[in-house]
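Trainee: Here it is, the structure in full.
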Amino acid sequence: MAEILQYVHKDGLFHRMHPGTKIVFVLVFGVITILTLDISLLCAILGTLLLLAFTGRILMEVLDQMKLILAMSSIFILITLVTMPGGDVLGYLIPGGFLPVTAGALTAGIVLTLRFAILIVAFQIFVITTQPRDLVNTLERAGVPIDYNLMFLIALRFIPTLQGEAKKIHEAQLARGYKTGRGFSGRIRSVAPVMVPLVSNALSRANVLGITIDMRGYRSRKRTPFREERMNFLDMVSIALLGVTFVLFIARSFSGPGG
């Protein structure tokens, strides 16, 4: 699986957009996704996001995370089937009348799954097309305190860093002849030998990061951006389309029973 939350350098549609435009993009699609219960609309939103990813030349990077989305979706559907029974019984998970599968629980599971997939895909598009420094500068100009910007940036950058380091540790152990076995139990046993050095390295990296922040004069609160991002015609058109989309969704929600 490719590294998650990792910027990908390309010259695509989303790469040419201002970070503020992409923040509006995530917020609009996120709010619409959370507010609607219409499965057909959720499917249309997911299809639109994949089409936009294809247009922006990042479809393969987005699809790399589909294994995670499918795994989590299966868990969500199973949980809703067990914990939210309601409606007509369609069948049983266990033969003999145990754990009934109801229409209401299945619908809720599908809605939850589609919501999760849409939010993950939208955020993935945003992160892999936005350089962290540009995002921090945009948030700072929007009035977000620099301390929160720093925490967000560190969390964003640590995830792909730890993922890559965990892969290297696992490959080093395999090169030295360490074997945990095959199947699901083997994967479980392989977690502990990776987590111990990974946590140790993360703590050491955090110490180095703190020293580096102090050496670069972070406490002075005086910053000079490397470059200034400005909105262009593409950003204006995108924001206008997002605004129209949100207004149409609100109008549809208040005018019809399907919202």
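The values are calculated or read from the model by the stated rules, or taken from the named source; none is laboratory data. These numbers come from a predicted model, not from an experiment. Glycine also receives a Cβ, built like all others from the backbone with ideal geometry; neighbour counts cover every protein chain displayed.
Trainee: Every residue in region 126-157 that is of a type in the set (Ser, Thr, Tyr) and free of Cβ contacts under 8 Å to residues at least 60 places away in the same chain, please.
Mentor: Answer for region 126-157, where residues must be of a type in the set (Ser, Thr, Tyr) and free of Cβ contacts under 8 Å to residues at least 60 places away in the same chain: just 148.
Trainee: I need every pair where a residue in region 199-215 that is farther than 12 Å from residue 161 by Cβ has its Cβ under 8 Å from the Cβ of a residue that is in a helix (DSSP H, G or I), sequence separation at least 6 or different chains.
Mentor: These pairs meet every condition: 213/150.
Trainee: Working only within region 121-155, note down all residues that are of a type outside the set (Val, Ile, Thr) and outside any helix (DSSP H, G or I).
Mentor: Across region 121-155, the qualifying residues are 131, 142, 143, 145.
Trainee: A follow-up question, please. Can you say whether residue 27 is under 21 Å from residue 130 (Cα atoms) and surrounded by fewer than 17 Cβ atoms within 10 Å (Cβ to Cβ), as far as the supplied structure shows?
Mentor: Yes: the conditions hold for residue 27.
Trainee: Take region 11-24 and flag every residue that is under 9 Å from residue 129 (Cβ atoms) and either at pLDDT below 85 or small (Gly, Ala, Ser) (or both).
Mentor: 12
Trainee: Just one of (1) at pLDDT 75 or above; (2) loosely packed, with under 15 Cβ neighbours inside 10 Å; (3) assigned to a helix (DSSP H, G or I) trips up residue 230, so point out which.
Mentor: Here residue 230 clears every test but (3).
Trainee: Which members of region 233-242 meet the condition of being over 12 Å from residue 20 (Cβ atoms) and in contact (Cβ under 8 Å) with a residue 12 or more places away in the chain?
Mentor: Across region 233-242, the qualifying residue is only 234.
Trainee: Filter region 65-79 down to residues that are surrounded by fewer than 16 Cβ atoms within 10 Å (Cβ to Cβ) and in contact (Cβ under 8 Å) with a residue 40 or more places away in the chain and give me whichever is nearest to the chain's Cα centre (by Cα).
Mentor: 68
Trainee: Out of 32, 75, which single residue is aliphatic (A, V, I, L, M), in a helix (DSSP H, G or I) and at pLDDT 90 or above?
Mentor: 32
Trainee: Out of everything in region 80-138 that is of a type in the set (Phe, Trp, Tyr) and closer than 27 Å to residue 49 by Cβ, what residue ends up being surrounded by the most Cβ atoms within 10 Å (Cβ to Cβ)?
Mentor: 126
Trainee: Quick check on region 1-19. Is at least one of its residues assigned to a helix (DSSP H, G or I), in contact with a Phe, Trp or Tyr (Cβ under 9 Å, 6 or more places away or on another chain) and touching a residue at least 12 places away in the same chain (Cβ under 8 Å)?
Mentor: yes
Trainee: If we scan region 141-162, do we find a residue that is surrounded by 15 or more Cβ atoms within 10 Å (Cβ to Cβ), among the small types (Gly, Ala, Ser) and on the phi < 0 side of the Ramachandran plot?
Mentor: no
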